[in-house]
Amino acid sequence: METNLSERQKLILALVIRDYIETAQPVGSVSLVKRYKLDFSSATVRNDMVALTEMGFLRQPHTSAGRVPTEEGYRYFVRQLMGHTDLPAPTKRTIIHQFYQAGADVDRWMHLAASVLAHQAQAASLVTAPHPERAIFKHLELIGTHGRQVLMVLVLSGGDVSQQMLNLAEPVSQEQLSAVAQKINQNCAGLTEAGIERLKQPTDALEQDILKLVVNEMRRSTRVVAGELYRDGLTHVLAEPEFGEMELARRALRLLEERPLLEDLLTRTVLASEPGGVQVLIGGEGTWEELRECSVVLARYGAPGLATGTLGVLGPMRMPYGRTISTVRFMAGLLSDLVEDMLTEG
C-alpha cells in the first residue's frame with residue numbers, strides 16, 4: 001500500500017488530513033486547490049482523491065460530499081508523512097518555568113503535567129504517578145480486628161503502602177500474628193517478590209499463606225498503573241463534534257474511568273517501550289472497541305530501573321498529531337529528568 005502512493009498523492013492525503021483536522025468538514029478537491037494554491041487542477045486532485053479512497057486512505061461520507069480520512073489514512077500520515085515535530089522554543093521555556101515554580105513536589109508535578117498536556121493538545125490527559133519498577137519488601141504488619149479477620153499492612157521501599165483485609169480459616173491471637181509478621185520482616189527485608197519466592201518454604205501454614213499474599217501484592221504493585229492517576233481536559237473531548245452522541249463519549253471516556261481497561265491498554269502498549277518513546281494508537285488498533293472513534297498518544301517517563309510512570313492524551317482521531325506527539329514527547333523527557341534528579345540527588 002505504501003509503495004503505490006505517488007508523491008502527489010502523498011501531498012494530497014496530507015493536505016486533506018490537515019484540512020479535516022482544522023475544520024471537521026469533508027474536504028473537496030476545489031477547496032483544496034484554492035486553499036493551498038496547488039499548481040495542478042481540481043480534476044487532477046479529484047482523481048487522486050478517488051484513488052486514495054479506493055486504497056482505503058480516504059472515504060466519502062455522502063455521494064456529493066468531499067472526502068474525510070480513514071483510520072488507515074491517519075496511520076499512514078502519522079507513520080510515513082508527518083515527520084518529526086517539535087514544540088516551539090517559547091512554549092518549552094514556559095512549561096519548564098512552570099515546573100521550576102512547582103518545586104520538588106511530585107504531586108504538583110503530576111497535576112501540572114496533566115494540565116499542560118490537556119491544554120497543549122486540547123484533549124483529555126492522563127498521567128500516572130512514578131512508581132518503582134521493582135517492588136522491594138520493607139515491612140509487614142498483621143493486625144487482628146475481630147473474629148477471623150486480619151488487616152495486612154504491607155510497606156514497600158519507596159513508600160508504597162497497601163492494606164488488605166484477610167479472612168483466616170480460624171481465629172489467631174495477636175501474639176501469633178505479630179510473631180509471624182516479625183519472622184517475615186526478618187527474612188524478607190530488601191527482597192523482591194522473586195527473592196521471596198526463592199526462600200525456603202516455611203513449615204507454618206499461616207506464614208505460608210501470608211507470604212503468598214505478600215508476593216501477589218508486590219507483583220500487583222509493579223504494574224504500569226500503580227498509585228494515583230491524574231486526569232484533566234475531559235471537557236476538551238466532550239466539546240468535539242465527534243462526541244456529540246453521548247454514547248460515543250461515554251465509551252471513549254471509559255478508558256479514563258475504568259482501571260482494568262487502562263491497565264490493559266498501558267501494559268500492552270507502553271510497558272515494553274523505553275522512557276520517552278511515543279506510542280500512537282488510532283481507532284483502537286482493532287483491539288479496544290471503546291477507542292474505535294479515538295486516538296491515544298502515550299509515553300513512558302522516569303528513570304529506568306528506579307521508577308517510571310506513564311503519560312498521554314486521548315482525543316478524537318481528528319486530532320492535531322504533530323502538536324500532540326511533540327507535547328507528549330517533551331513532557332515525557334521533562335518528567336524523566338525531574339524524577340531522575342529527585343531519585344539520584346545526593
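See the values below:
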{"item": "Among residues of the range 80-137, those that are in a helix (DSSP H, G or I) and touching a strand residue (DSSP E or B) at 6+ places or on another chain (Cβ under 7 Å), counted", "result": "8"}
{"item": "Contacts under 6 angstrom Cβ, first residue in the range 143-164 being farther than 16 Å from residue 219 by Cα, partner buried (at least 16 other Cβ atoms within 10 Å of the Cβ) and basic (Lys, Arg), 6 or more apart", "result": "none"}
{"item": "Condition check for residue 114: of a type in the set (A, V, I, L, M), surrounded by fewer than 17 Cβ atoms within 10 Å (Cβ to Cβ) and at pLDDT 90 or above", "result": "no"}
{"item": "Scan of the range 1-53 for residues that are surrounded by 15 or more Cβ atoms within 10 Å (Cβ to Cβ) and of a type in the set (Phe, Trp, Tyr), ordered by number", "result": "20"}
{"item": "Per-region count, the range 245-268, residues of a type in the set (A, V, I, L, M, F, W, C), modelled with pLDDT of 75 or more and over 14 Å from residue 294 (Cβ atoms)", "result": "1"}
{"item": "Subset of the range 183-218 that is of a type in the set (Val, Ile, Thr) and either outside the structural domain of residue 152 (by TED's automatic domain parsing) or closer than 15 Å to residue 164 by Cβ (or both) - its residue that is surrounded by the fewest Cβ atoms within 10 Å (Cβ to Cβ)", "result": "215"}
{"item": "Criterion (outside any helix (DSSP H, G or I), modelled with pLDDT of 90 or more and either in contact with a Leu (Cβ under 6 Å, 6 or more places away or on another chain) or not assigned by TED's automatic domain parsing to the domain that holds residue 323 (or both)) met by exactly one of 73, 56", "result": "56"}
{"item": "The range 81-135: number of residues that are without any contact (Cβ under 8 Å) to a residue 60 or more places away in the chain and touching a Lys or Arg at 6+ places or on another chain (Cβ under 7 Å)", "result": "1"}
{"item": "Complete set of residues in the range 54-103 that are touching an Asp or Glu at 6+ places or on another chain (Cβ under 7 Å) and either charged (D, E, K, R) or surrounded by fewer than 16 Cβ atoms within 10 Å (Cβ to Cβ) (or both)", "result": "56, 80"}
{"item": "Single unsatisfied condition, residue 170 versus (1) of a type outside the set (Gly, Ala, Ser); (2) modelled with pLDDT under 90; (3) part of a strand (DSSP E or B)", "result": "(3)"}
{"item": "Total residues in the range 184-194, condition modelled with pLDDT of 90 or more and either part of a helix (DSSP H, G or I) or acidic (Asp, Glu) (or both)", "result": "5"}
{"item": "Any hit, the range 283-298, residues being at pLDDT 90 or above, touching a Lys or Arg at 6+ places or on another chain (Cβ under 6 Å), part of a strand (DSSP E or B) and closer than 22 Å to residue 255 by Cα", "result": "no"}
{"item": "First in the range 269-282 and outside the structural domain of residue 340 (by TED's automatic domain parsing) and over 16 Å from residue 294 (Cβ atoms), second anywhere and surrounded by 16 or more Cβ atoms within 10 Å (Cβ to Cβ) and modelled with pLDDT under 70, Cβ under 6 Å, 6 or more apart", "result": "none"}
{"item": "Some residue of the range 187-197 being under 14 Å from residue 141 (Cβ atoms) and out of contact with any Ser or Thr (no Cβ under 7 Å at 6 or more places or on another chain)", "result": "yes"}
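The values are calculated or read from the model by the stated rules, or taken from the named source; none is laboratory data. Keep in mind that what you see is a predicted model, and the values were worked out from it rather than measured. Please note: Cβ atoms are built from the backbone with ideal geometry, for glycine as well, and neighbour counts cover all protein chains shown.
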